[in-house]
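The values are calculated or read from the model by the stated rules, or taken from the named source; none is laboratory data. Note that the structure is predicted; figures quoted are calculated from it, not measured. Here the Cβ positions follow ideal geometry from the backbone for every residue, glycine too, while neighbour counts run over all protein chains shown.
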Number of protein chains: 2
Amino acid sequence: MAKYSDGLDAVASALAQPSRRQILSRLSTGEATSSELSELTGIGLPTIAKHAAALADAGLITSRKSGRVVTHRIRTVGFDDLQTWIATRKLFWDTQLDSLERHLEKP
Amino acid sequence: MAKYSDGLDAVASALAQPSRRQILSRLSTGEATSSELSELTGIGLPTIAKHAAALADAGLITSRKSGRVVTHRIRTVGFDDLQTWIATRKLFWDTQLDSLERHLEKP
């Protein structure tokens, strides 16, 4: 099972929560502070901090602190492994269907 | 928040579990029965049934029963919304970076 213990658990878990997807959607349009994210989502700052930590652990954002202001930035390469995983599964399946079609077309 | 309550929770949750990704990987190479999935993964049939139900609920597989044999098939369109969601976030971010670059290049 070792080969399935990749970083995908953390990324998929991070995406499985509407508030975290909303945060990522906002950050995909540019950097934002914790306060801005709190205002946008209606979520309190402590919970924003928890979501940000989960997203950072999954490699999907980076955060920097300047005084009391924490600014977050999306890290789109963090999505790459999951994107590739999905695309590969679809590719395998499409190849299966193609070879089935070729088989059926045989005279 | 309504617009964030889409089907992505179920899909991302389904993918956040190594055994379920292993099952999807196997199904991406063709149909398989619950027994075959159990043998491959070393997971007991009752747990395979639970994983299959979660994957079916997320729209990622379909299952059919013939006598006592349950056969599963991947449903790759089930991945489409998550793929699109990720691609759109990346696109927004890339556009942001492009416009920043153009701004910096201004004389």
Looking at A:10, A:52, A:32, which one is out of contact with any Gly (no Cβ under 7 Å at 6 or more places or on another chain), buried (at least 16 other Cβ atoms within 10 Å of the Cβ) and closer than 30 Å to residue B:41 by Cβ?
-> A:10
Residue A:27: at pLDDT below 90, out of contact with any helix residue (DSSP H, G or I) (no Cβ under 7 Å at 6 or more places or on another chain) and either over 19 Å from residue B:10 (Cα atoms) or of a type in the set (Lys, Arg) (or both), yes or no?
-> no
Please give the number of the condition residue B:31 fails out of (1) at negative phi; (2) within 19 Å of the chain's Cα centre (by Cα); (3) without any contact (Cβ under 8 Å) to a residue 24 or more places away in the chain.
-> (3)
From B:93, B:85, residue being under 30 Å from residue A:75 (Cα atoms), touching a residue at least 24 places away in the same chain (Cβ under 8 Å), under 24 Å from the mean Cα position of the chain (by Cα) and buried (at least 16 other Cβ atoms within 10 Å of the Cβ) | B:85
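For segment B:11-43, which residues satisfy the criterion of being among the β-branched types (Val, Ile, Thr) and within 17 Å of residue A:16 (Cα to Cα)?
Selection gives B:11 alone.
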Identify the single condition in (1) more than 9 Å from chain B (Cβ to nearest Cβ); (2) out of contact with any helix residue (DSSP H, G or I) (no Cβ under 6 Å at 6 or more places or on another chain); (3) touching a residue at least 40 places away in the same chain (Cβ under 8 Å) that residue A:54 does not satisfy, given that it satisfies every other one.
-> (2)
